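The values are calculated or read from the model by the stated rules, or taken from the named source; none is laboratory data. From a predicted model like this one, the values you see are computed outputs, not experimental measurements. When we count neighbours, we look across all protein chains shown, and the Cβ atoms used for this are built from the backbone with ideal geometry, even at glycine.
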Amino acid sequence: MQDPVTLTVKNGIATVLIDNPPVNALGHQVRVGLRDAAARIGDDTQIRAAVIMGRSRFSAGADIREFGSDIAGPSHSEVFNQIEGLMKPVVAAIDVTALGGGAELAMACHYRIATPTARIGFPEVKLGILPGAGGTQRLPRLIGAEAALDMMLSGKPITAAKALELGLVDKLSGDADLLAQALRLATEMMNFDSPLPRSSTRDARIKEDRADKELFARIRSRNARAMRHLLAPEAIIRCVEAAVTLPFEEGVRVEKAESGRLMASDQAKALSHVFFAMRQTAKIPDVPAHTPVKPINSVGVIGAGTMGGGIAMNFANVGIPVTMVEVKAEALDRGLSVIIRNYENTAAKGKLTQEQVDRRLSAITGTLAMDDLAHCDLIIEAVFESMEIKEQVFSQLDRIAKPGAVLASNTSFLDIDHIAGFTKRPDDVLGLHFFSPANVMPLLEVVRGEQTSNTVLATAMKLSRQIGKTPVLARVCDGFIANRLMLPYLVNAQEMLVEGTSMEEIDAAMTDYGFAMGPISLLDLVGLDVVTFPGEIKLTEELVKQERRGQKLNGGFYDYDDRRRATPSPAALAVIDDVRQRRGIRGDRRRQPEEIVTGLLYPVINEGAQTLDEGIALRSGDIDVTAILGYNWPDFTGGPMCWADQHGLARIVDGLKKMGHTPAPLLTRLAREGGSFSG
Ligand code: 3HC
Ligand code: NAI
């Protein structure tokens with residue numbers, strides 16, 4: 001392995017290069033390299049100034065793989081303090097990204113120069129931690145507490161221009177070579193006879209902040225909603241309060257204590273699990289990374305209903321032309337007008353220009369003739385959920401589609417192998433299961449049939465990224481991963497209703513757990529006519545018979561006023577009562593919030609374990625990503641399987657038995673052996 005940090009000296013200036021692919025993370029070897037480089041800069045009388053830069057990018061921060069174990073010294077803070085304490089000017093030359101510890105390293109340098117396209121940010125909050133190497137203390141001193149908190153609480157990177165405006169960088173490099181300009185700056189500074197500017201000793205900004213007595217109350221109230229459930233944001237605010245009120249060293253002590261507490265928290269462990277799980281999903285062990293992919297330069301979508309329109313928009317958004325087929329002109333017009341309205345709404349919010357809208361719309365062509373799909377590289381079917389209709393469509397496609405075209409179904413539940421059997425090219429067939437609204441939801445379930453070829457799978461994985469979705473691979477089963485997992489959740493929520501817990505209690509318990517909405521509100525949002533539930537629960541069916549289809553039509557379990565505020569509907573309460581009477585249930589079993597949470601989540605974990613055991617999902621992390629992206633499962637819990645590992649598998653097995661469920665064999669085995677889903 002080449003040295004992750006090298007130092008070369010020319011004309012009295014040391015260039016320190018971090019070279020640790022793929023993202024120049026500041027792992028142990030890099031910290032050792034930077035420490036040694038700093039020592040040499042300090043000791044070597046030939047060196048009068050230094051530039052620190054990274055190959056291909058500055059740095060993406062700490063090596064997240066080191067989290068969760070004892071991090072070997074030197075620590076980030078030790079290295080950064082050593083650099084800041086040098087008596088010779090050090091310039092950070094920032095290209096592409098300086099994130100987290102990378103941005104902290106830059107702040108420890110005396111000067112910062114960035115390319116115009118560089119981005120600087122503190123994404124720690126997204127990992128449930130905080131900038132813990134002096135970042136919470138240096139950043140407010142450089143740019144003021146409010147701007148510092150905006151950056152650290154949002155985790156969003158800012159542009160170099162914004163960083164210049166805020167005082168986070170001193171100079172932009174313009175179009176010229178970054179290193180050349182950084183060296184020039186270093187030369188100027190080594191001949192400049194005044195004390196070196198150190199972020200830790202600046203206090204002009206902090207003095208202004210000290211005078212603003214409402215500052216932290218304002219920040220807390222502005223972020224209250226986003227901070228709910230999360231540990232890191234409040235800890236970050238406390239650190240910045242310390243930066244404003246205490247000397248640097250004391251502030252650093254507060255930061256260290258808060259950072260240690262966060263690092264050890266379940267939330268931080270869960271969020272770094274999610275970080276890596278999100279990047280794993282596209283990797284399929286038996287489909288090598290270099291598997292050739294098919295070029296997809298034109299897409300066909302069959303059906304312009306709820307899903308078809310959104311699916312088409314995904315491709316139009318990235319400049320791939322789409323042909324959309326319908327059976328009737330009215331359905332096509334309706335579908336196209338929904339697309340137009342969607343784009344216009346986005347433009348009205350200032351997120352698209354009229355020119356972009358026009359370009360995207362011109363990429364979508366509507367037709368009533370299936371034959372018009374003959375040229376398409378990929379054809380996605382999104383017609384009614386009926387095997388008979390899928391048979392008609394796929395038999396027709398087999399005749400029409402060009403050889404080698406990828407044929408996909410957006411079915412929610414039906415058997416992809418059965419569908420592939422309607423063609424003479426089952427190796428080109430797979431499921432591409434989008435989530436509603438398909439132009440918004442970030443998940444794509446890629447369903448692998450028995451005969452789907454590796455090339456087709458690799459193509460789907462790549463294409464998914466191209467349209468901005470995270471792909472998760474599923475094997476064929478009823479409901480694949482996402483719907484199969486969440487079916488017990490929605491069934492049991494309704495069962496609890498019938499047994500006597502109110503809809504508000506059920507929803508509140510789950511929003512307190514971290515979901516944006518509870519299961520009963522979710523049913524209303526999705527539409528009561530969309531899913532049919534097995535077993536005795538017929539609540540949604542009864543409500544649909546009364547033309548109550550959820551938020552979209554006449555309300556569902558709740559009635560909605562014109563501001564979408566929900567109140568339990570008397571009609572729904574009557575339906576629940578009626579079901580109770582027919583089933584001979586008294587309806588007086590009220591559950592406490594904790595019992596609601598475990599009663600709804602344990603069966604989901606059980607289903608997840610079964611899904612994993614059957615090989616429907618490749619990894620427990622894939623199930624977590626599916627739940628987080630497909631069902632807004634709160635990411636700070638790590639997803640259902642990660643939460644289960646933290647919660648305790650033996651506890652879940654006991655709980656399931658008490659609830660009268662049979663624990664899945666994999667769950668039972670892991671609980672017995674003290675194992676975990678994540679291995
Ligand atoms: N540590 C370890 N591995 C990292 C990493 C990090 N900080 N950042 C990225 N990687 C890995 C990814 O896991 C991936 O590995 P793989 O190829 O084996 O799957 C590889 O690098 C490439 O990453 P991406 O697929 O995400 O590449 P992109 O080009 O899409 O994005 C990026 C690059 C914007 C840098 C993105 O990777 C990113 O946001 N990284 C995380 C940045 C971050 O959160 N930094 C803060 C760390 S915490 C910290 O610094 C604490 C400090 O206070 C001490
Ligand atoms: P939809 O009823 O809104 O739209 C289906 C459209 O297909 C209708 O406009 C219909 O006219 C058209 N159609 C029917 N037969 C056709 C044919 N032979 N040729 C061309 N067009 C035809 O249905 P929706 O909700 O869009 O669902 C479509 C598929 O997507 C189903 O398989 C469903 O299970 C699946 N799905 C639905 C989700 C949802 O939330 N609605 C989520 C994920 C998948």
Exactly one of (1) surrounded by fewer than 22 Cβ atoms within 10 Å (Cβ to Cβ); (2) touching a helix residue (DSSP H, G or I) at 6+ places or on another chain (Cβ under 9 Å) is unmet by Pro247. Its number? (2)
Within the stretch 234-263, the residues that are among the β-branched types (Val, Ile, Thr) and under 28 Å from the mean Cα position of the chain (by Cα) are Ile236, Ile237, Val240
Out of (1) of a type in the set (Asp, Glu); (2) part of a helix (DSSP H, G or I); (3) at positive phi, the one Glu547 does not meet is (2)
Taking Val604 as meeting all but one of (1) touching a Gly at 6+ places or on another chain (Cβ under 7 Å); (2) within 27 Å of Ala438 (Cα to Cα), write down the number of the exception. (1)
Residue satisfying all of: in the stretch 619-644; under 10 Å from the mean Cα position of the chain (by Cα) and among the hydrophobic types (A, V, I, L, M, F, W, C); surrounded by the most Cβ atoms within 10 Å (Cβ to Cβ) among these: Val625
Could you pull out the residue among Ile41, Ile47 that is at pLDDT 95 or above and surrounded by fewer than 24 Cβ atoms within 10 Å (Cβ to Cβ)? Ile47
Residues (of a type outside the set (Phe, Trp, Tyr) and within 25 Å of the chain's Cα centre (by Cα)) located in the stretch 340-365: Asn342, Asn345, Thr346, Ala347, Lys349, Gly350, Lys351, Leu352
Scan the stretch 534-548 and tell me whether some residue there is under 32 Å from the mean Cα position of the chain (by Cα), touching a residue at least 12 places away in the same chain (Cβ under 8 Å), under 19 Å from Gly660 (Cβ atoms) and surrounded by fewer than 17 Cβ atoms within 10 Å (Cβ to Cβ). yes
Matching residues in the stretch 390-419 - criterion: being at pLDDT 95 or above and part of a loop (DSSP other than H, G, I, E, B): Ala401, Lys402, Pro403, Gly404, Ala405, Asn410, Thr411, Leu414, Asp415
Residues of the stretch 91-144 being more than 8 Å from ligand 1 (Cβ to nearest atom) and assigned to a loop (DSSP other than H, G, I, E, B), in sequence order, are Asp95, Val96, Cys109, His110, Thr115, Pro116, Thr117, Ala118, Gly128, Gly134, Gly144
Only one of (1) part of a loop (DSSP other than H, G, I, E, B); (2) within 14 Å of Ile284 (Cβ to Cβ) does not apply to Phe422, and that is (2)
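Considering only residues that are hydrophobic (A, V, I, L, M, F, W, C) and farther than 14 Å from Cys376 by Cβ, look in the stretch 394-428 and name the one that is farthest from ligand 1 (Cβ to nearest atom).
Phe422
With the condition being surrounded by 18 or more Cβ atoms within 10 Å (Cβ to Cβ) and more than 16 Å from ligand 1 (Cβ to nearest atom), I'd like the helices (runs of 4 or more DSSP H) fully within the stretch 305-374 carrying at least 2 qualifying residues.
Filter on the stretch 305-374 gives 306-317, 329-348.
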Is it the case that some residue within the stretch 108-115 is of a type in the set (Phe, Trp, Tyr) and either closer than 27 Å to Ser173 by Cα or crowded, with 19+ Cβ neighbours inside 10 Å (or both)? yes
